[in-house]
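**Q** What follows is a structure written as structure tokens; I'll ask about it next.
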Amino acid sequence: METRYAERTAEHYVADARTFLDWVTAKGIALRDVRPQDLQRYQGELYAVRRKGQPYASSTIQTKLVAVKTLFRFLVRRQAMLMDPSAQLELPRTEKRLPRVILTEGEARRIVDAPKGHSPLELRDRAILETLYATGMRVGELVRLKPDDVDTEGRLVRIVEGKGRKDRNVPLTTAAARATSRYLAAGRPALVRREPWLFLGKRGGLLHRAQVGDIVKAWVQKARVKKNVSCHTFRHSTATHLLRGGADIRQIQALLGHGSLSTTERYTHVEVSDLKRVIERAHPRGR
């Protein structure tokens, strides 16, 4: 059975596989003659690579090696090779890092409230910001939404083939449903051509990830929030605010579409601010 990867993941795997194939060619090794020791040598050279003066992170090396292992598994399945030389290749262990930037509830409110006008683009931007903050969805999921995926009356959005090719239903806040309804009624009709997507560019075409990032940064600046905010910052902030408000971690896992609970558990470590308040209130030396 073939594994189905998200489009962007597949693009990265292909790029990393080509990098490895270029390395093999440069070393004068035929692909069918690659041995485990060759792969260990390749792994060692990845650790020596410097990009902008910095070595690759362990997670980057892991991703590049996963692409190599995927390539050889594919060749073995297709019987182009008898043995998989990458079978015993150990991947580097990676640490799960805490989110670097988290918005306060006040900052999030200022950003989503920033588009106050009634032009098609401002209606679109308000709906985008409200949806990102309401659902914590990935920007790749947002740009692939279609009008039929959103039920503004039922306050529900269906994410079709999110990460891992999994579908999930996500509730909308009242504010997000209202903003999306206004955009559908008075914003999108002024932008639409023949594109099927919910959120459109100013000329009616597909709205790309980078464009959504630019939209977010522009409204962050308008809201005078000094933090380095990206689309993913809303995802982190949504999870943190829900956890702080008493949501169960498994509910947050379902909302964000995390395949593993350990991924969601990162947000339990973000609440150091709450612990600080406990120390200040309860510890004899904290007052």
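The values are calculated or read from the model by the stated rules, or taken from the named source; none is laboratory data. These numbers were taken from a predicted model, which means no experiment stands behind them. Counting neighbours? That spans all protein chains shown, and the Cβs are built from the backbone with ideal geometry, glycine included.
**Q** Just checking, does segment 74-88 include any residue being of a type in the set (Lys, Arg) and in contact (Cβ under 8 Å) with a residue 24 or more places away in the chain?
**A** Scanning segment 74-88, I find no residue that is of a type in the set (Lys, Arg) and in contact (Cβ under 8 Å) with a residue 24 or more places away in the chain, so the answer is no.
One line per residue, one yes/no per condition, for (1) under 24 Å from LEU256 (Cβ atoms); (2) modelled with pLDDT of 95 or more; (3) touching a Gly at 6+ places or on another chain (Cβ under 8 Å):
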| position | (1), (2), (3) |
| --- | --- |
| GLU90 | no, no, no |
| ALA108 | yes, yes, no |
| THR135 | yes, no, no |
| VAL150 | yes, yes, no |
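**Q** Just to be sure, is ALA127 in a helix (DSSP H, G or I) and more than 23 Å from ARG194 (Cβ to Cβ)?
**A** So ALA127 does not fit the description; no.
**Q** Of all residues in segment 219-253 being polar (S, T, N, Q) and in a helix (DSSP H, G or I), which is farthest from the chain's Cα centre (by Cα)?
**A** Once the filter is applied, the top-ranked residue is GLN221.
**Q** In segment 149-200, how many are polar (S, T, N, Q) and within 21 Å of the chain's Cα centre (by Cα)?
**A** Total meeting the criteria: 2.
**Q** Out of segment 14-56, which residues are in a helix (DSSP H, G or I) and of a type in the set (D, E, K, R)?
**A** Correct list: ASP16, ARG18, ASP22, ARG32, ASP33, ASP38, ARG41, GLU45.
**Q** Also: Of the residues in segment 200-218, how many are in contact with a Phe, Trp or Tyr (Cβ under 8 Å, 6 or more places away or on another chain), outside any helix (DSSP H, G or I) and under 16 Å from PRO115 (Cα atoms)?
**A** Of the residues in that region, 0 qualify.
**Q** Now for a different question. What helices (runs of 4 or more DSSP H), lying completely within segment 132-194, carry at least 1 residues that are polar (S, T, N, Q) and surrounded by fewer than 22 Cβ atoms within 10 Å (Cβ to Cβ)?
**A** 174-182
**Q** Among the numbered criteria (1) at pLDDT 95 or above; (2) surrounded by 14 or more Cβ atoms within 10 Å (Cβ to Cβ), which one does ARG73 miss?
**A** (1)
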